[in-house]
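Below is one structure, written out as structure tokens; the observations come after it.
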Amino acid sequence: MNRGERRKAALIQPDMRVDGVWEIDLDELSRRGITGIIVDIDNTIAPWGAYDISAPAAEWLAKAKNRGFGVCLLTNNYRSRANWFARALGLPAVSGWVKPWRWGYRRAMHILGTHPGSTAMVGDQLFTDILGAKRLGIHAILVSPLSDRELSHTRLKRRLERFLLGRRDDS
């Protein structure tokens, strides 16, 4: 693999992998100089399509806010859905077709008052959440999806994700 191929492959490799947001060590983020956290909604803090925030995720988000981290939601979902979660959690949100495009992450960082080196992105998908973050040099954290329920094209991408992450597809 040449240097260009290695660089492209690195764009979809997360800096950290955890089962859920509640496993992310806020002390470790702080040691890394992270002051702002961008968080995906669907299958990251709530099951896909549901208006049911995971209790451990809600507790972790509250803890992050109380510790002084800026937190912003970033979702490809509709504004009305994003706004519901923003109101429920007391967080700002950037919504629409924003990932993996750089402008969505830049908008979230502008809201947080951070830059790539002081920002972490937390999400469940390599080709949206992680790719977008890595393209800007944002610390990228991949969580396991909260639910198996998701769009059909996302299910197809999951197979490729498992291959790229070195996991066998047992389904």
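The values are calculated or read from the model by the stated rules, or taken from the named source; none is laboratory data. These figures come from a predicted structure and were not determined experimentally. Note: ideal-geometry Cβ built from the backbone for every residue, glycine included; neighbour counts use all protein chains shown. Only protein heavy atoms, including side chains, enter the accessible area calculation; ligands, DNA and RNA are left aside. Shrake-Rupley method; radii C 1.70, N 1.55, O 1.52, S 1.80 Å.
Which count do you get for residues in region 51-91 that are surrounded by 14 or more Cβ atoms within 10 Å (Cβ to Cβ) and assigned to a loop (DSSP other than H, G, I, E, B)? So the count comes out to 7.
Of the residues 3, 32, 7, which is modelled with pLDDT of 95 or more and open to solvent by 20 Å² or more (accessible area, probe 1.4 Å)? That would be 32, the only listed residue that is modelled with pLDDT of 95 or more and open to solvent by 20 Å² or more (accessible area, probe 1.4 Å). When residue 145 is tested against (1) of a type outside the set (A, V, I, L, M); (2) in contact with an Asp or Glu (Cβ under 6 Å, 6 or more places away or on another chain); (3) at pLDDT 95 or above, only condition (3) is not met. Quickly run through region 117-128 and pick out the residues that are modelled with pLDDT under 95 and surrounded by 19 or more Cβ atoms within 10 Å (Cβ to Cβ). Matches in region 117-128: 124, 125, 126, 128.
Matching residues to (1) in contact with a helix residue (DSSP H, G or I) (Cβ under 7 Å, 6 or more places away or on another chain); (2) of a type in the set (A, V, I, L, M):
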position: 106; (1), (2): no, no
position: 110; (1), (2): no, no
position: 114; (1), (2): no, no
position: 126; (1), (2): yes, yes
position: 131; (1), (2): no, yes
position: 138; (1), (2): yes, yes
position: 144; (1), (2): no, no
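Of all residues in region 6-59, those satisfying the criterion of being under 14 Å from residue 77 (Cβ atoms) and acidic (Asp, Glu) are 40, 42. How about region 31-54: which of its residues are farther than 15 Å from residue 114 by Cβ and touching a Phe, Trp or Tyr at 6+ places or on another chain (Cβ under 9 Å)? Result: 41, 42, 45, 46, 51, 53, 54. Only one of the numbered conditions (1) open to solvent by less than 90 Å² (accessible area, probe 1.4 Å); (2) modelled with pLDDT of 95 or more; (3) not aromatic (Phe, Trp, Tyr) is violated by residue 110, and that is (1).
In the list 33, 104, which residue meets the criterion of being closer than 23 Å to residue 16 by Cβ, in contact with a Gly (Cβ under 8 Å, 6 or more places away or on another chain) and either part of a helix (DSSP H, G or I) or of a type in the set (Asp, Glu) (or both)? Show your work before the answer.
Values: 33 fails: either part of a helix (DSSP H, G or I) or of a type in the set (Asp, Glu) (or both).
None of the other options fit; the residue is 104.
Is it fair to say residue 134 is over 17 Å from residue 45 (Cβ atoms) and open to solvent by 10 Å² or more (accessible area, probe 1.4 Å)? Step through it out loud before you land on a result.
Details: over 17 Å from residue 45 (Cβ atoms): yes; open to solvent by 10 Å² or more (accessible area, probe 1.4 Å): yes.
Judged against the criteria, residue 134 is a match.
Here 94, 98 are screened, and the one residue that is under 13 Å from the mean Cα position of the chain (by Cα), under 23 Å from residue 145 (Cβ atoms), open to solvent by less than 10 Å² (accessible area, probe 1.4 Å) and at pLDDT below 95 is 98.
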